1. State whether one or more residues within the range 99-109 are in a helix (DSSP H, G or I), among the charged types (D, E, K, R) and closer than 16 Å to Val40 by Cβ.
2. I need a count of the residues in the range 7-32 that are under 20 Å from Pro76 (Cα atoms), surrounded by fewer than 16 Cβ atoms within 10 Å (Cβ to Cβ) and not basic (Lys, Arg).
3. Pick from the range 26-64 the residues that are more than 24 Å from Gly80 (Cβ to Cβ) and among the small types (Gly, Ala, Ser): which of them is farthest from the chain's Cα centre (by Cα)?
4. Scan the range 37-54 and report the pairs whose first residue is among the β-branched types (Val, Ile, Thr) and whose second residue is assigned to a helix (DSSP H, G or I), with Cβ atoms within less than 7 Å and a gap of 6+ or a chain change.
Amino acid sequence: MARDDVELVERAFALLDSDRYEEVLPLIDERFEMVTTSEVASEPDTYRGPDGVRRWFESFLEAMDSVRVVADRIHPVGSGQVIIEYVIRARGQRSGIEAEQPAVALATLGDGKLQRLEFFTTLHRARAAVRPDPS
């Protein structure tokens, strides 16, 4: 199961590191939830389901010429959970200025889809949020 979870996350992040972010939507569970807090986002919000992911990505594209979400390391950490160390790289539409922000996410997966993303400022905090393996 852990290998399938890692492969799903790798596939999703490969799409987010391209102009084909819409292709990630079939990998998102209808009950998916992603909450961005003020610790990790300039505009905190809650995004639900595939439409929420679309809205999240399009909010970047309102101000950015390009956005790439690049996974650096993926760590399987338990039944249906994976930690992703990644970088968001973007270039401003008007300024052309390029910026990047490292981040960490804890993904919860099930039934072959992404069900939840939680964001953290450090790998240590993400590891502390991993739920115990029920087995």
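1. Step one: filter the range 99-109 for residues in a helix (DSSP H, G or I), giving none.
No, there is no match, as no residue in the range 99-109 is in a helix (DSSP H, G or I), among the charged types (D, E, K, R) and closer than 16 Å to Val40 by Cβ.
2. Going through the range 7-32 one residue at a time, the tally reaches 3.
3. Top of the filtered list is Ala63.
4. Between residues of the range 37-54 that are among the β-branched types (Val, Ile, Thr) and residues that are assigned to a helix (DSSP H, G or I), the close pairs are Val53/Val24; Val53/Leu25.
Coordinate-derived values only; no laboratory data. These numbers come from a predicted model, not from an experiment. Cβ sites come from the backbone with ideal geometry, for glycine too, and all protein chains shown count toward neighbours.
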